[in-house]
1. Anything in the stretch 1-23 that is over 23 Å from GLN106 (Cβ atoms) and either of a type in the set (A, V, I, L, M) or touching a residue at least 24 places away in the same chain (Cβ under 8 Å) (or both)? List them, or say none.
2. With the structure loaded, tell me whether ALA129 is on the phi < 0 side of the Ramachandran plot, in contact with a strand residue (DSSP E or B) (Cβ under 7 Å, 6 or more places away or on another chain) and in a helix (DSSP H, G or I) or whether it fails that test.
3. Being loosely packed, with under 14 Cβ neighbours inside 10 Å, in contact with a helix residue (DSSP H, G or I) (Cβ under 9 Å, 6 or more places away or on another chain), at pLDDT 95 or above and among the basic types (Lys, Arg) is the requirement here; does ARG26 meet it?
4. So which of ILE120, ILE107 ends up being in contact (Cβ under 8 Å) with a residue 24 or more places away in the chain and surrounded by 19 or more Cβ atoms within 10 Å (Cβ to Cβ)?
5. Here is a list of conditions, (1) out of contact with any strand residue (DSSP E or B) (no Cβ under 7 Å at 6 or more places or on another chain); (2) outside any strand (DSSP E or B); (3) not hydrophobic (A, V, I, L, M, F, W, C), and GLN142 meets all of them except one; can you say which number that is?
6. Of the residues in the stretch 145-158, how many are part of a loop (DSSP other than H, G, I, E, B) and either of a type in the set (Lys, Arg) or more than 23 Å from the chain's Cα centre (by Cα) (or both)?
7. Of all residues in the stretch 3-56, count the ones that are farther than 30 Å from SER79 by Cα and of a type outside the set (S, T, N, Q).
Amino acid sequence: MNKIPLTVNGAELLRAELQRLKTVDRPAVIEAIAEARSHGDLSENAEYESAKERQGFIEGRIKEVEGKLSNAQIIDPTSLDADGRCVFGATVELEDLESGDTFTYQIVGEDEADSKQGKISVSSPIARALIGKHAGDVAEVQAPGGRRELEVLDVRYL
């Protein structure tokens, strides 16, 4: 299986989710199944069916998170020596040359991406256009609203 790039923070978030799934969610759903069973006939017991469905989801997610963590390539952005280039884990300050708007993104793994927090997936069109660029370079991005030109103002490894 291919290595999955994660920042240190992203790996910690997955570990915390796994811990919660195993110690909180799994026992709660087991208890809900036991409670539903105590109500008698399982063939027409919606609570039982719902709890079993939830259990299937939790067990699937546990397996998925364990797989991602076992195949993770954890990258610490603070220890990168990329000579000012945009790479995985870098925090990049950009200016949209058409609108003049400036914004900052960190290039992260698929599971960590959250545009509201300024984290974009390494496989997103913007990140793919930025990889390898230095401060002062212009990246052309094909966005849903058309082609955009983004100037790299600064690259940091936080």
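1. Of the stretch 1-23, the ones over 23 Å from GLN106 (Cβ atoms) are 1, 19-23.
The answer is MET1, LEU21, LYS22.
2. Details: on the phi < 0 side of the Ramachandran plot: yes; in contact with a strand residue (DSSP E or B) (Cβ under 7 Å, 6 or more places away or on another chain): yes; in a helix (DSSP H, G or I): yes.
Yes: the conditions hold for ALA129.
3. Details: loosely packed, with under 14 Cβ neighbours inside 10 Å: no; in contact with a helix residue (DSSP H, G or I) (Cβ under 9 Å, 6 or more places away or on another chain): yes; at pLDDT 95 or above: yes; among the basic types (Lys, Arg): yes.
So ARG26 does not fit the description; no.
4. Details: ILE120 fails: in contact (Cβ under 8 Å) with a residue 24 or more places away in the chain.
From the options ILE120, ILE107, the qualifying one is ILE107.
5. Only one criterion is unmet by GLN142, namely (2).
6. Filtering the stretch 145-158 down to residues part of a loop (DSSP other than H, G, I, E, B) leaves 145, 157-158.
Restricting the remaining residues to those that are either of a type in the set (Lys, Arg) or more than 23 Å from the chain's Cα centre (by Cα) (or both) gives 145.
The total comes to 1.
7. Our first condition is that a residue be farther than 30 Å from SER79 by Cα; within the stretch 3-56, this holds for 21-56.
If we keep only those that are of a type outside the set (S, T, N, Q) as well, we get 21-22, 24-37, 39-42, 44, 46-49, 51-54, 56.
Residues meeting the conditions: 30.
Quick grid of which residues meet (1) under 21 Å from LEU14 (Cβ atoms); (2) under 20 Å from the mean Cα position of the chain (by Cα):
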position	(1), (2)
ARG54	yes, no
LEU69	yes, yes
GLN73	yes, yes
GLU98	no, no
LYS119	yes, yes
SER123	yes, yes
ARG128	no, yes
ILE131	no, yes
VAL138	no, no
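The values are calculated or read from the model by the stated rules, or taken from the named source; none is laboratory data. None of the values given here were measured: they were computed from a predicted structure. Backbone-built Cβ (ideal geometry, glycine too); neighbour counts: all protein chains shown.
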